[in-house]
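Read-outs: derived from the displayed coordinates by stated rules, not from any lab. Predicted model only: the values in this text are computed from it and were never measured. Virtual Cβ from ideal backbone geometry, glycine too; neighbours counted across all protein chains shown.
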Amino acid sequence: MTLSVSAEQVIDAPAHRVWEAISEPGNLETCHPFCASNPVDVWPGPGSRDTIHYLSGWSYERHFEEWIEGVGYDLEIGRPGGSRSSVSWRITPINDGSSTLRIVVHPSAVRKFPPIVRQAVFYLRLRPLLRSYLDSVVRGFEWYVTKGEPVPRNAFGKHPWFSGNE
């Protein structure tokens with residue numbers, strides 16, 4: 001069984017505008033409420049690479065495996081030299097003026113546990129915290145796309161892993 005966590009946000013903007021936001025190099029600096037910086041190594045397309053430096057001081061590398069123009073991408077994310085989680089970003093048009101942004105994460109953190117412990121850790125601790133995080137991320141993109149201004153840091157509340165002490 002593959003364990004995953006997802007979040008989805010309806011955005012009052014056409015799919016092409018949401019794509020512009022998620023495909024812009026360094027987009028996490030303007031759209032992600034827990035991002036301190038988002039330096040880009042290679043962009044755009046498959047093979048893209050960037051790093052997210054969180055407000056908490058943590059850093060994760062993102063390696064883009066698949067790039068579907070106008071629709072989304074699949075990537076691997078993790079600490080340098082550590083295990084990587086699989087992440088899928090997808091945009092789905094609703095009509096001419098609105099669309100959804102959905103992020104699905106298959107976390108690597110639980111793989112090290114035996115199956116029965118893995119499920120307990122996932123459902124009791126990891127899933128609630130990861131869902132809260134993903135909800136903030138998709139809301140941050142909605143903020144940026146609809147308001148045209150960067151999302152404030154910790155805009156939707158602080159997160160124990162990614163917010164830091166400010």
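What's the Cα-based Rg to Rh of the chain, Rh via Kirkwood? Could the numbers behind the result be given before it?
Details: Rg = 15.4 Å, Rh = 16.2 Å.
Ratio of gyration radius to Kirkwood radius: 0.95.
Filter the trypsin sites (Lys or Arg not before Pro) in the range 91-166 down to the DSSP loop ones having no more than 11 other Cβ atoms within 10 Å, then list what survives.
Loop-located and lightly packed - R111, K112.
Rounded, prolate or oblate: which fits the range 116-166, taking a ≥ b ≥ c as square roots of the Cα gyration tensor eigenvalues, rounded meaning a/c under 1.5, else prolate when a/b beats b/c? Mind dumping the intermediate values first?
On the way: a/c = 5.15, a/b = 2.08, b/c = 2.47.
It is oblate, given that a/c is not under 1.5 and a/b is not larger than b/c.
Per the helix-only calculation at 222 nm, which mean residue ellipticity applies to the chain, given -39500 (n - 2.57) for every DSSP H run of n ≥ 4 and division by its residues, nearest 500 deg cm²/dmol?
Using -39500 (n - 2.57) per qualifying helix, the result is -7500 deg cm²/dmol.
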